[in-house]
Amino acid sequence: MTTDLNAVMPTEQRIWQLLEEVCDPEVPVLSILDLGIVRGVRVEPDGQAHITITPTYSGCPAMNTIATDIRLRLLAEGITALHIHHQLSPAWTTAWMSEAGKQKLEAYGIAPPKDATGHVLSLFGQDEAIKCPHCHSTRTRLVSQFGSTACKALYQCDDCLEPFDYFKCH
C-alpha cells in the first residue's frame, strides 16, 4: 500500500469549516452550508472523509459542479481520501437554509423563501405577497414560475418596477 505523503488527517470540524468556503455556483453569495445541502460529514478512523449532499431539486445541474468544488477545496488542504455521496431522500427543503443565507439572498437582490404560514389566501390557490428585495414593497406580481434557475420564480415589483427572483419555498 502506498501512502500519499501530502495527505492530511482531516477532522469533521475542519471539513465543516472548509465547506463554509464552497459557494453555490448559481447563487454565489451563498455557501453550500447556507443553502443547507450538506447533510453530513463523517471521518473514518483511517482518515477517509465522507460528505453527503442533497440537491435542491432532483436533477439540479449544479450538483456536479458543487461536488467538484468540494473536492478541489478539500484537496487544496491535503485531504485526498474523500468520498462525496448524493442523497435524494429526504428531499431538500428551504427549511434547511440558514437564516444568514436568507439574509444574504435578500441583500443580493433575491427574495428569500417565505416560511409556510398557513395563510388564508393559500386556501384559494393564492400566496401571500412576496416582498421586493429592492424597495421592500409587497405590491409584487408573479411574472414566471421559472426564474434564472429552476429553484427560483421571476417576480416584478409594482412600485419600483424592478424584476427580481424569488427563491421558491419547498
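The values are calculated or read from the model by the stated rules, or taken from the named source; none is laboratory data. Since the structure is predicted, the reported quantities are computational estimates derived from the model, not experimental observations. All Cβ positions, glycine included, derive from the backbone under ideal geometry; neighbour counts span all protein chains shown.
Look through segment 38-65, keep the residues that are among the hydroxyl-bearing types (Ser, Thr, Tyr) and modelled with pLDDT under 90, and return whichever of them is surrounded by the fewest Cβ atoms within 10 Å (Cβ to Cβ). Spell out the reasoning first.
From segment 38-65, those among the hydroxyl-bearing types (Ser, Thr, Tyr) are 52, 54, 56-58, 65; that's our starting set.
Keeping just the survivors that are modelled with pLDDT under 90 gives 56-58.
Numbers: 56: 25, 57: 15, 58: 12.
Here the answer is 58.
Output the number of residues of segment 36-55 satisfying the condition of being under 17 Å from residue 26 (Cβ atoms) and in contact with an Asp or Glu (Cβ under 9 Å, 6 or more places away or on another chain). Before the answer, list the steps.
Pass one, segment 36-55, residues under 17 Å from residue 26 (Cβ atoms): 36-38, 53-55.
If we keep only those that are in contact with an Asp or Glu (Cβ under 9 Å, 6 or more places away or on another chain) too, we end up with 37.
Summing the residues that are under 17 Å from residue 26 (Cβ atoms) and in contact with an Asp or Glu (Cβ under 9 Å, 6 or more places away or on another chain) in segment 36-55 gives 1.
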Across segment 111-170, which residue is farthest from residue 100 (Cα to Cα) among those that are at pLDDT 90 or above and of a type in the set (Val, Ile, Thr)? 143
Give the number of residues within segment 151-170 that are farther than 17 Å from residue 132 by Cβ and over 13 Å from the mean Cα position of the chain (by Cα). 0
